Amino acid sequence: MTPIIQLNNVHFQIKPHFWSRSFEILKGVSMQVPKGSLYGFLGPNGAGKTTTLKTILGLLQPTKGHISIMEGSIKDPVIRQKIGFTPEHPVFPEHLSGQEFVLQHALLAGLSRKEAAVAVDKALEEVNLRDASRRKIRTYSKGMLQRTGLAQALIGKPQLVLFDEPMGGVDPVGRREIREIMLRLKEKGTTVLFSTHILPDVEMICDYVGILVNGEIKKTGTPEELRSELQNKIELVALFDEKQSIDMLQTPHSIQGQQVVFHVESSKKANELIDKCRGLNATIHSVVPLSPSLEDLFITEYKNMQEGAENA
């Protein structure tokens, strides 16, 4: 199946001043977003997520590389009309109500007054803002502002929506509402690409994940595929009477209250550690296999990048 978004070796660099050296933000980004999927674009602050989204939307021109959207170019007005977007830090006219603001975008999208009125009601209902639609935007909470941005992005019934850090600064209730909105969009066949650094949200809802670190895509795939690259560990929790006994094991550990926690990489090592602990009169509290998470993979890639920078 042809991806709805395809980036091939995309570079982007800036030159703050004419006398300064160029600084490369994107360093050969290649990724594919399958049609109808919910794609999480994951990376730490400053990794280049916003820059990548802006190059996809044509707001920034890549220094090098090629971007295809819906098998065409973002310069095509027909394609642009099928895309919705919410930036990371949207700025709304605070003197307008949510309804008035979304109505403006409906009219800009080419809808008639009658069509716009219907579309605005549906969009505000989709993001759970109908009850507050006549309130001034200045009275909205952070979560309500984010949902207002989602409503304006959805007003033209786009086939593709891009959200830049939609959960940023939103409380757990607001994050859950936004996740549910994105899942409903996917159920309707809309492709959703969103950037974030909040890993639990990605694991909960995404079909595919791309991990961006320091301007480079380090990993792509389904959450299950990415987690399978990491080795499972076993957590062993034991109770010791004396700290000296723990030190004799010479095994990495952490102390949590009265309990000592060990992480080992295999059943064999777990059994060996259990024998050693019992030989020191320790009580085995629990032995639990741990499944790797996207956070584990993310931290691994981030540490690899830092080590590579130090050794360069």
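The values are calculated or read from the model by the stated rules, or taken from the named source; none is laboratory data. Bear in mind that the values here come from a model prediction, so they are computed numbers and not experimental data. A quick note on method: Cβ atoms are made from the backbone with ideal geometry, for glycine too, and the neighbour counts reach across all protein chains shown. Heads up: the accessible areas ignore ligands, DNA and RNA and are worked out on the full protein's heavy atoms, side chains in. Shrake-Rupley method; radii C 1.70, N 1.55, O 1.52, S 1.80 Å.
Could you count how many residues in region 87-113 are touching a Leu at 6+ places or on another chain (Cβ under 6 Å) and in a strand (DSSP E or B)?
0
Can we say ASP201 is closer than 20 Å to GLU126 by Cα and either within 13 Å of the chain's Cα centre (by Cα) or among the basic types (Lys, Arg) (or both)? Outline the logic, then answer.
Numbers: closer than 20 Å to GLU126 by Cα: yes; either within 13 Å of the chain's Cα centre (by Cα) or among the basic types (Lys, Arg) (or both): yes.
Taking the combined requirement at face value, the residue satisfies it.
Out of all the residues in region 240-257, is one or more in contact (Cβ under 8 Å) with a residue 40 or more places away in the chain and of a type in the set (A, V, I, L, M, F, W, C)?
yes
Kindly indicate which of GLU224, GLU242 is among the acidic types (Asp, Glu) and closer than 30 Å to GLY28 by Cα. Reasoning before the result, please.
Details: GLU242 fails: closer than 30 Å to GLY28 by Cα.
Criteria check complete, one pass: GLU224.
Do we find that GLY36 is under 12 Å from LEU212 (Cβ atoms), modelled with pLDDT under 95 and touching a strand residue (DSSP E or B) at 6+ places or on another chain (Cβ under 7 Å) in this structure?
On the way: under 12 Å from LEU212 (Cβ atoms): no; modelled with pLDDT under 95: yes; touching a strand residue (DSSP E or B) at 6+ places or on another chain (Cβ under 7 Å): yes.
So GLY36 does not fit the description; no.
For region 217-232, check the following and say yes or no: at least one residue is of a type in the set (A, V, I, L, M, F, W, C), within 25 Å of LEU42 (Cβ to Cβ) and modelled with pLDDT of 85 or more.
Of region 217-232, the ones of a type in the set (A, V, I, L, M, F, W, C) are 217, 226, 230.
Then drop every residue that is not within 25 Å of LEU42 (Cβ to Cβ), which leaves 217, 226, 230.
Applying the additional criterion that residues be modelled with pLDDT of 85 or more yields 217.
Yes; the residues of region 217-232 include at least one that is of a type in the set (A, V, I, L, M, F, W, C), within 25 Å of LEU42 (Cβ to Cβ) and modelled with pLDDT of 85 or more.
Would a scan of region 32-54 turn up a residue that is part of a strand (DSSP E or B), out of contact with any Asp or Glu (no Cβ under 7 Å at 6 or more places or on another chain) and open to solvent by 50 Å² or more (accessible area, probe 1.4 Å)?
yes
Counting only residues that are of a type in the set (Val, Ile, Thr) and in a strand (DSSP E or B), which one in region 234-254 is least open to solvent (accessible area, probe 1.4 Å)? Show your work before the answer.
The initial filter retains those residues of region 234-254 that are of a type in the set (Val, Ile, Thr), namely 234, 237, 246, 251.
From the residues that got through so far, the ones that are in a strand (DSSP E or B) too are 234, 237.
On the way: ILE234: 27, VAL237: 8 Å².
The extreme case among them is VAL237.
Working only within region 255-302, note down all residues that are part of a loop (DSSP other than H, G, I, E, B) and either open to solvent by 40 Å² or more (accessible area, probe 1.4 Å) or among the hydroxyl-bearing types (Ser, Thr, Tyr) (or both). Give the steps one after another, and end with the answer.
Kept after step one, since they are part of a loop (DSSP other than H, G, I, E, B), are these residues of region 255-302: 257-258, 265-266, 280-282, 291-293.
Within region 255-302, GLY257, GLN258, GLU265, SER266, LEU280, ASN281, SER291, SER293 qualify.
Kindly indicate which of ILE69, ILE14 is surrounded by 18 or more Cβ atoms within 10 Å (Cβ to Cβ) and either in contact (Cβ under 8 Å) with a residue 12 or more places away in the chain or over 23 Å from PRO200 (Cα atoms) (or both).
On the way: ILE14 fails: surrounded by 18 or more Cβ atoms within 10 Å (Cβ to Cβ).
Among ILE69, ILE14, only ILE69 is surrounded by 18 or more Cβ atoms within 10 Å (Cβ to Cβ) and either in contact (Cβ under 8 Å) with a residue 12 or more places away in the chain or over 23 Å from PRO200 (Cα atoms) (or both).
Inspect region 22-43 for any residue being more than 22 Å from THR220 (Cβ to Cβ) and of a type outside the set (S, T, N, Q) and give the result as yes or no. Step through it out loud before you land on a result.
First, the residues of region 22-43 that are more than 22 Å from THR220 (Cβ to Cβ): 22-23.
Going one step further and asking which of them are of a type outside the set (S, T, N, Q), we end up with 23.
Yes, some residue in region 22-43 is more than 22 Å from THR220 (Cβ to Cβ) and of a type outside the set (S, T, N, Q).
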